[in-house]
1. Normalising by the residue count of the stretch 104-217, find the relative contact order in percent from Cα pairs under 8 Å and 6+ residues apart.
2. What's the FRET efficiency of Asn354 with Asn43 using the Cβ-Cβ distance as r and R₀ = 56 Å, to the nearest 0.05?
3. Taking 0.36 nm per intervening residue step and subtracting the Cα-Cα distance, what contour gain separates Ser362 from Thr310 on full extension?
4. Under the rule a/c < 1.5 gives rounded, and otherwise a/b versus b/c splits prolate from oblate, where does the stretch 138-281 land using the Cα gyration tensor?
5. Using a Förster distance of 25 angstrom, determine the FRET efficiency expected from the C-beta separation of Arg93 and Ala54, and round it to 0.05.
6. Using the basic label-point model (7 angstrom from Cα toward the beta carbon), what is the Met61 to Arg440 distance in nanometres?
7. Taking every pair of alpha-carbon atoms in the stretch 164-232, what share in percent sits in each 10 Å bin, from 0 to the bin with the longest distance?
8. Given 0.36 nm per residue, what is the gain on full extension from Glu113 to Asp370 after removing their alpha carbon distance, in nm?
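The values are calculated or read from the model by the stated rules, or taken from the named source; none is laboratory data. Quantities reported herein were computed from a predicted structural model and do not represent experimental measurements. Every residue, glycine as well, gets a Cβ built from its backbone with ideal geometry; the counts of neighbours run over all protein chains shown. These area figures cover heavy atoms from the full protein model, side chains too; ligands, DNA and RNA do not enter into them. Shrake-Rupley method; radii C 1.70, N 1.55, O 1.52, S 1.80 Å.
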Amino acid sequence: EDLQKEGGKAVIAAREAKVGAALCRAEDATAYDAVLPSTDKDNEFLKDFLDHLARMHGKDMGGFLARMPNDSVRGDCIGGLARELHLLWDIDRRLPHILHAVERIVHLGDWLEAFEGVAEEVAMLLSCTGARMWAVDNLRQCLWTCVRGKADLPTIQLADWTGPGLAAAACANEVLVNVGNAREDPRFNEATDAAADGCARSVICVPIFRPGKNKPSLVLQAMNKLLEPRFSVHTDGVILRLIGRVSSEVIDVCQTSSAYRANSKRREILLQVLEDHMPCDDPVLLLRALEMGLAKMFQGKQVALHLTQTTPHKRTLLLQAEAAITATPSDGGKVSWTARDGFRGIVGQVATTNRHASLTSSQLRDSAYDCNVDIIVNVSNGIVHTFPISSEGKCIAVCQFVCPQSEGSMLVDDGCFHVENHEHNQLLKLLLDFVKKHLRVVELGGGSSSAPQLVESRQEIPQTDLPPDKSSDSFEELEM
């Protein structure tokens with residue numbers, strides 16, 4: 001019986017401890033998060049007052065105030081409560097309009113519609129003459145927005161966040177920016193901070209953060225508050241943050257939808273190119289299929305295909321069609337090949353490591369680039385992409401091509417090849433797999449040369465390390 005009594009007391013004590021801990025957590029959960037933060041660092045009484053009201057569900061206000069040291073502190077507490085209630089009332093009366101705006105925003109699925117639609121909703125909610133939504137590209141440290149250009153086509157406007165501009169300052173410093181006379185602010189930038197009509201008076205810029213992220217994904221900007229000299233940091237700032245959180249999700253949807261449409265179109269283009277070059281029983285057709293596929297899918301401007309050889313010694317063979325790319329492939333033709341001893345240049349580096357390399361024009365001078373082996377870049381601000389074509393873990397050929405370097409954001413599909421884009425890599429792999437399956441059309445026999453030679457189609461080209469012929473005359477075997 002004594003053991004049972006002691007055990008019962010222990011259970012009761014444990015339950016009381018759990019209840020006490022739960023009450024403590026509940027008290028912490030009801031700590032009031034002020035919408036209007038106090039600017040007085042020494043005024044802790046107001047925070048304690050608001051926390052007390054939250055825990056007591058609005059009761060015992062007089063009891064708390066009676067414990068304050070003097071009338072001045074009690075007046076500060078009551079004044080702070082009044083300002084907080086007014087701000088909540090102001091937001092509450094606008095809430096139906098905010099909800100209607102959110103309902104309209106979530107149905108935007110196009111880039112131009114999204115940027116224009118969010119800007120229009122912000123202008124109406126804040127009663128101002130203009131607004132912009134800036135997307136943040138953290139990789140390139142810039143802001144960008146989509147505007148209506150010539151012939152109503154979407155046009156990208158860029159802004160460097162390290163440069164001038166109130167929106168850039170809000171992004172770079174990760175703080176809200178609010179000015180009453182924008183043109184007098186040293187950070188002002190006419191191109192990014194003025195409204196469409198050129199007017200620039202009051203401006204507010206609010207950085208928007210995704211949950212759990214420490215870098216802004218958007219900056220919402222509003223210009224020229226009507227009937228008031230400047231925007232309210234608290235009322236207008238809260239509204240912009242609410243709209244911004246929804247807008248971040250809309251941008252994600254637009255990005256996914258745009259990428260899906262663009263890559264679906266590329267897939268259709270690739271299928272058509274392969275179909276146009278079947279049966280691929282001629283080296284010229286193979287080179288044209290590679291050139292046309294890269295040109296139509298990724299704006300590839302220059303393309304080269306190098307075969308590799310390790311026995312009796314290492315060398316690469318550059319294959320080039322004599323004729324230029326034509327819209328309609330034709331049978332026959334000539335292909336030239338140039339043998340280079342050793343694995344030199346970026347081509348040789350990729351053949352050795354069996355790993356791709358992508359370098360901008362400015363990076364070539366500090367790389368293994370060899371103008372006698374690698375592509376001579378004729379595109380300003382181009383990127384040289386070099387990819388191995390492998391069989392059983394061994395590099396049997398190298399494809400090298402040049403694409404223009406995009407000046408837009410990584411979020412926008414600009415039509416160029418991006419090595420960090422998974423879908424782009426998958427499409428390129430399909431094209432290179434097609435090339436690998438049909439390399440046997442370059443029937444390789446004996447011979448050696450260090451100077452360019454011309455070989456009629458279906459004739460012999462020097463032996464390389466091609467695998468046994470397992471190719472098929474159907475591109476349906478590729479996993480499209």
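1. After rounding, I find 19 percent.
2. Efficiency computed from Cβ-Cβ geometry: 0.25.
3. Details: separation 52, 0.36 × 52 = 18.72 nm, distance 3.14 nm.
Gain in length upon complete extension: 15.6 nm.
4. It is prolate, given that a/c is not under 1.5 and a/b is the larger ratio.
5. Step by step, r from the Cβ atoms, then E = 0.65.
6. 8.8 nm
7. 23, 52, 21, 4
8. Values: separation 257, 0.36 × 257 = 92.52 nm, distance 4.68 nm.
Gain on extension, Glu113 to Asp370, equals 87.8 nm.
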